[in-house]
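Read through the structure below, which is laid out as structure tokens, and then see the notes.
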Amino acid sequence: LDGKQLAFVRCVSVGVNRVMVAGLDGASERELLTDFSSDWLEGVLAWHPDKQSLVYVSDRTGISRLWRVPLSGAPPQQLSFGEDATSVATSMRSHRLIFARSLYNSTIWQATISDKGDVSRTPIAVSSRINNQPDLSPDGAHLAFISNRSGFEEIWMSNSDGTNPVQLSFFQRHKTGSPRWSPDGQQITFDSRASGHSAVYVVNSHGGAPRKITSGEDFENSCPSWSPDGQLIYYASTRAGGNQIWSIAADGSGIPVQITKEDGIVPSVSPDGKTLYFVHFGPEIALFEKELPNGEEHAVPGLEFLPDLMAWNV
């Protein structure tokens, strides 16, 4: 307000941000808040007209809202308005505030293809919020997916037609996802940033507390999938630097083994267990393959460009 301080948001990790204040001399930087929220960073911070706090957009409690963050470092206070806010600005002269509001939903659909090639489409996971990343159980009877219908992105399971939805995770933190069924249909592996860094978990499809199977708090472990025999879980990890594909025993025992060397994420193994497929970041997002255990890593012909990390399946 006096032109001597700068307020900004620092992204520490995926889903972990810090609200900071620093003098323009760069010598007095301090943290006001560590925030477990989504990665909106543009236009989410403004100076409060009271000159003693900031106004901040955050979905730290599930739904995005406006928060007052005191410069004293006291806990943030939720404002009585601003639900579904995405950006904010204030006026010092008029003591007025303006914010943008955004609300959207996504629905999981089922496509049925007849012998003649006709396609019928039916919505099967519907709510007023987000439902995505679906994975069918091996017997086709159930669906695992992520939804924030309870406020946060959590792992859910339902019948394959979307009926009888059941919530399986209760972390109450954002950035939980990537559910994948075990070959026997009894367990689901997924990733979550509940502890601040991404870790791989396994949960029983009949309920119970998720079990964390990866260790290490200084790197990211994400996008897990099962080996065809259910003995291993493949996942992406930054434990050796950039993202590479690693494997670990499905119960979390033993030492993780690095599988790729050329950068990889979102692994999936062929049904015969002989080929690993994964996403490679180069000039474009490409699908790569590697014959297990020691084959060369190369692009899958015709799939050198993917529109999205998850836009494929074996």
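Scanning region 72-80 for residues that are free of Cβ contacts under 8 Å to residues at least 24 places away in the same chain, touching a Phe, Trp or Tyr at 6+ places or on another chain (Cβ under 8 Å) and open to solvent by less than 70 Å² (accessible area, probe 1.4 Å) turns up nothing. Would you check if there is a residue in region 193-200 being polar (S, T, N, Q), in contact (Cβ under 8 Å) with a residue 40 or more places away in the chain and out of contact with any helix residue (DSSP H, G or I) (no Cβ under 9 Å at 6 or more places or on another chain)? Yes, because at least one residue in region 193-200 is polar (S, T, N, Q), in contact (Cβ under 8 Å) with a residue 40 or more places away in the chain and out of contact with any helix residue (DSSP H, G or I) (no Cβ under 9 Å at 6 or more places or on another chain). Test residue 28 against the stated conditions and say whether it is surrounded by fewer than 17 Cβ atoms within 10 Å (Cβ to Cβ), at pLDDT below 90 and either within 23 Å of residue 152 (Cβ to Cβ) or among the hydrophobic types (A, V, I, L, M, F, W, C) (or both). So residue 28 does not fit the description; no.
Output yes when any residue across region 278-287 is among the acidic types (Asp, Glu), surrounded by fewer than 20 Cβ atoms within 10 Å (Cβ to Cβ) and at pLDDT 95 or above, and no when none is. Full working, then the answer.
Of all residues in region 278-287, those among the acidic types (Asp, Glu) come to 284.
From what's left, surrounded by fewer than 20 Cβ atoms within 10 Å (Cβ to Cβ): 284.
Adding the requirement that they be at pLDDT 95 or above leaves none.
Among the residues of region 278-287, not one is among the acidic types (Asp, Glu), surrounded by fewer than 20 Cβ atoms within 10 Å (Cβ to Cβ) and at pLDDT 95 or above, which makes the answer no.
Residue 75 - would you say it is in a loop (DSSP other than H, G, I, E, B), farther than 30 Å from residue 221 by Cβ, modelled with pLDDT of 90 or more and not polar (S, T, N, Q)? The answer is yes for residue 75. If you go through region 258-277 and keep only what is within 24 Å of the chain's Cα centre (by Cα), within 20 Å of residue 306 (Cβ to Cβ) and surrounded by fewer than 18 Cβ atoms within 10 Å (Cβ to Cβ), you end up with just 262.
Do we have any residue at all in region 88-103 that's in contact with a Lys or Arg (Cβ under 8 Å, 6 or more places away or on another chain), surrounded by 10 or more Cβ atoms within 10 Å (Cβ to Cβ) and polar (S, T, N, Q)? I'd like the intermediate steps shown before the answer.
Let us first name the residues in region 88-103 that are in contact with a Lys or Arg (Cβ under 8 Å, 6 or more places away or on another chain), namely 90.
Among the residues that remain, those that are also surrounded by 10 or more Cβ atoms within 10 Å (Cβ to Cβ) are: 90.
Now drop any that are not polar (S, T, N, Q), which leaves 90.
Yes, region 88-103 contains at least one residue that is in contact with a Lys or Arg (Cβ under 8 Å, 6 or more places away or on another chain), surrounded by 10 or more Cβ atoms within 10 Å (Cβ to Cβ) and polar (S, T, N, Q).
For region 4-26, filtering for residues that are on the phi > 0 side of the Ramachandran plot and without any contact (Cβ under 8 Å) to a residue 12 or more places away in the chain leaves 1. Of the residues in region 176-201, how many are open to solvent by 40 Å² or more (accessible area, probe 1.4 Å), over 24 Å from residue 61 (Cα atoms) and in a loop (DSSP other than H, G, I, E, B)? Of the residues in that region, 3 qualify. The lone criterion from (1) assigned to a loop (DSSP other than H, G, I, E, B); (2) among the β-branched types (Val, Ile, Thr); (3) open to solvent by less than 40 Å² (accessible area, probe 1.4 Å) left unmet by residue 9 is number (1). If you go through region 202-257 and keep only what is hydrophobic (A, V, I, L, M, F, W, C) and either open to solvent by 40 Å² or more (accessible area, probe 1.4 Å) or assigned to a loop (DSSP other than H, G, I, E, B) (or both), you end up with 209, 213, 219, 232, 240, 250, 255, 257.
Taken over region 50-71, the residue count meeting the criterion of being modelled with pLDDT of 90 or more, under 28 Å from the mean Cα position of the chain (by Cα) and surrounded by fewer than 19 Cβ atoms within 10 Å (Cβ to Cβ) is 1.
The values are calculated or read from the model by the stated rules, or taken from the named source; none is laboratory data. These numbers come from a predicted model, not from an experiment. Here Cβ is always computed from backbone atoms with ideal geometry, including for glycine, and neighbour counts include all displayed protein chains. Surface areas here come from the heavy atoms of the whole protein model, side chains and all, with no ligands, DNA or RNA. Shrake-Rupley method; radii C 1.70, N 1.55, O 1.52, S 1.80 Å.
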